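Some notes on the structure that comes next.
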Amino acid sequence: MWGSLSRRAALLQTVGLAAAGMAAAVPVPGRTASSLARSREIDGELLAGVSAQRIPGVVAMAANEQSVLYEGAFGLRNGDAASRMSTDTIFRIASMVKLLTSVAALQLVEQGRLHLDEPAANIDPALAAIQVLAGFDAKGAPQLHPPERPLTLRHLLSHTSGFSYLLWDPKLARYLKVARGRPNLPRMPLMFEPGARWAYGGSLDRVGRMVEIASGKPLERHFRDHITGPLGMNDTVVALDDKQRAREASLFVRDAQDRLLAQPLEKPGGSKVFLGGGGIYSTASDYLTLLQALLNGGSLRGNRILQPGTVALMSENQIGNLEAGILKTTNPALSNDVDFFPGTHLRWGLGNMINLDPVPDGRSAGSLTWAGLFNTYYWIDPAKRLAGVIMMQILPCRSRTAKR
């Protein structure tokens, strides 16, 4: 069954297949023997990764639009052997917050306060000053010019804006080295003309700012009022209280002897800038609630966050024939190279990566996914009516031990 896929990808497929097998049994009290066997198979895969010390701990869950179909938690929450993973463990989900920011922006599109194809600078004047990095001259000086076409919300949501991340862009690394200490140079130029290519980067930070301007609220408040609050996602927050902090998972890294070492938790308190592209906490169960709402056309248990037509639009390819989802690292300590499904055509919608081809023994064509830096992952399979989330806290991203 595993074929050439990573163990992590295969595990997620197993969760999906098991959930599909359990779906028919949901209304019936108790599970069938076959569904229990599938659950034990998933448990065994998760536990094997922990027992072999490939990962310190993991939480995985799967659901259809109405019910949770699988949940499992194994291993350590932190370096204390008495602190075990549980389904309410809180994780730093990093870039998985981008899906919430996308939902927030599309809520405002529905209200007519944002528009997908109007210049983004109409909302955020700071975007009127952006420059495109064309290259470097013979002396290594950056060559910059204004973009030939306006940057739009659609570009930002689909990562065709030109904004890139240092972690996966050597051209940006070169620019930032030259620009350091030179206030006349823009802090973050576009790496290409809007719409010309796909590149993963800080686009959703700009979307978050547009949401704040258009809504008149801090982004976290918009989340609470219009997404996390209505859906009961009470552990999806920018800052943890003391009770939540007691459930937080530590980040683990490997030392020179290949041992997994828990890192100290980040210090609480102090002001924190929240931009919408990262920097939020959540649990597997909270995040799965969001995925269920999207599976159900934008509503869950009577609480609607998006209209069905908007949810369908999120799942449509927004970038044409541009290839997406493949990243080459500039810092192996933080991330390995990223290619979720080698040989599969990958595109981007309004908030998620899309696999255009079916994945062998797993996700249907048109399934949606993305991840966070610390090895947290989610997927939505609209054809099978299934969604899943798997959460770990380990570096580097796409850790070979986490995906085996």
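Here the Karplus relation 6.51 cos²θ - 1.76 cosθ + 1.60, evaluated at θ = phi - 60°, turns the backbone of segment 325-331 into coupling constants of x, 10, 10, 9, 6, 10, 9 Hz, with x for every Gly and Pro. What shape does segment 53-109 have by the C-alpha gyration tensor, where a ≥ b ≥ c are the square roots of the eigenvalues, rounded means a/c under 1.5, and otherwise prolate means a/b greater than b/c and oblate the rest? In terms of gyration-tensor shape, oblate. Can you give the FRET efficiency to the nearest 0.05 for A333 and R113, using r as the Cβ-Cβ distance and R₀ = 41 Å? That gives a FRET efficiency of 0.50.
In terms of the Cα gyration tensor, with a ≥ b ≥ c the square roots of its eigenvalues, is segment 146-255 rounded because a/c is under 1.5, prolate because a/b exceeds b/c, or oblate? In terms of gyration-tensor shape, oblate. Measuring nothing but protein heavy atoms, the accessible surface of segment 297-388 at 1.4 Å probe radius is 55 percent carbon and sulfur.
Rank by packing, highest mean first: peptides 134-146, 189-201, 316-328, 69-81, with packing defined as the count of other Cβ atoms within 10 Å averaged across residues. The partial results should precede the final answer.
On the way: 134-146: 11.2, 189-201: 20.9, 316-328: 16.1, 69-81: 18.8.
Ranking the peptides 134-146, 189-201, 316-328, 69-81 by packing returns 189-201, 69-81, 316-328, 134-146.
Multiplying the sequence separation of D242 and K217 by 0.36 nm and subtracting their Cα-Cα distance, what value in nm do you get? List each step's numbers first, then the result.
Numbers: separation 25, 0.36 × 25 = 9.00 nm, distance 2.54 nm.
Result for the pair: 6.5 nm of gain on full extension.
Relative to the longest principal axis of the Cα atoms of the chain, the long axis of helix 203-215 lies at roughly 80 degrees. Here is the size of segment 350-389 from its Cα atoms: Rg then Dmax, 10.1, 28 Å. Surface analysis of the chain yields an accessible area of 42 Å² per residue, using protein heavy atoms and a 1.4 Å probe. Starting from the Cα of Q143, move 7 Å in the Cα-to-Cβ direction to define the label point; list residues of segment 191-205 whose amide nitrogen is under 19 Å from there. What the label zone holds, given the 19 Å backbone N cut-off, is 191-194, 196-197.
Within the accessible surface of segment 144-232, defined with a 1.4 Å probe on protein heavy atoms only, the carbon and sulfur portion equals 52 percent.
Between the helical axis of 33-51 and the dominant principal axis of the chain, each derived from Cα atoms, what acute angle in degrees is found, rounded to the nearest 10? For 33-51 against the chain, the angle is about 60 degrees. Shape class for segment 268-394: oblate, because the ratio a/c of the largest to smallest gyration tensor axis (alpha-carbon atoms, square roots of eigenvalues) is 1.5 or more and b/c is at least a/b. Taking 0.36 nm per residue of separation and subtracting the current Cα-Cα distance, fully stretching the chain between V178 and S51 would add 41.1 nm.
Measuring between their Cα centroids, segment 241-263 and segment 301-373 lie 28 Å from each other.
Between Q66 and D88, what FRET efficiency follows from the Cβ-Cβ distance if R0 is 25 Å, with the result rounded to 0.05? Display every interim value, and only then the final one.
Numbers: r = 21 Å, r/R0 = 0.84.
Between Q66 and D88 the formula returns 0.75.
Roughly speaking, what is the centre-to-centre gap between segment 146-186 and segment 188-234 when only Cα atoms are used, to the nearest Å? Here the answer is 17 Å between Cα centres. Computed per residue of the chain from DSSP H runs no shorter than four, each worth -39500 (n - 2.57), the mean residue ellipticity at 222 nm is -8000 deg cm²/dmol.
Among [x] 35; [y] 21; [z] 28, which one is percent of Cα pairs over 34 Å apart computed from these coordinates? Calculated percent of Cα pairs over 34 Å apart: the matching label is [z].
Of all the options S83, S203, S95, the one that moves most in a Gaussian network model of the chain with Cα springs shorter than 10 angstrom is S83.
Applying the Karplus relation 6.51 cos²θ - 1.76 cosθ + 1.60 with θ = phi - 60° to segment 96-109 yields 3J(HN,Hα) values of 5, 5, 4, 5, 5, 5, 5, 4, 4, 5, 6, 4, 6, 5 Hz, where x marks Gly and Pro. In order along segment 150-163, the Karplus-derived 3J(HN,Hα) couplings, from 6.51 cos²θ - 1.76 cosθ + 1.60 at θ = phi - 60°, round to x, 6, 10, 4, 4, 4, 5, 5, 9, 6, 10, 6, x, 6 Hz, and Gly and Pro are given as x.
The values are calculated or read from the model by the stated rules, or taken from the named source; none is laboratory data. Just so we're clear, the structure is a prediction, and the values are computed from it rather than from any experiment. No Cβ is skipped: glycine too gets one built from the backbone with ideal geometry, and neighbour counts run over all protein chains shown. What goes into the accessible areas is simple: the full protein's heavy atoms, side chains included, and nothing from ligands, DNA or RNA. Shrake-Rupley method; radii C 1.70, N 1.55, O 1.52, S 1.80 Å.
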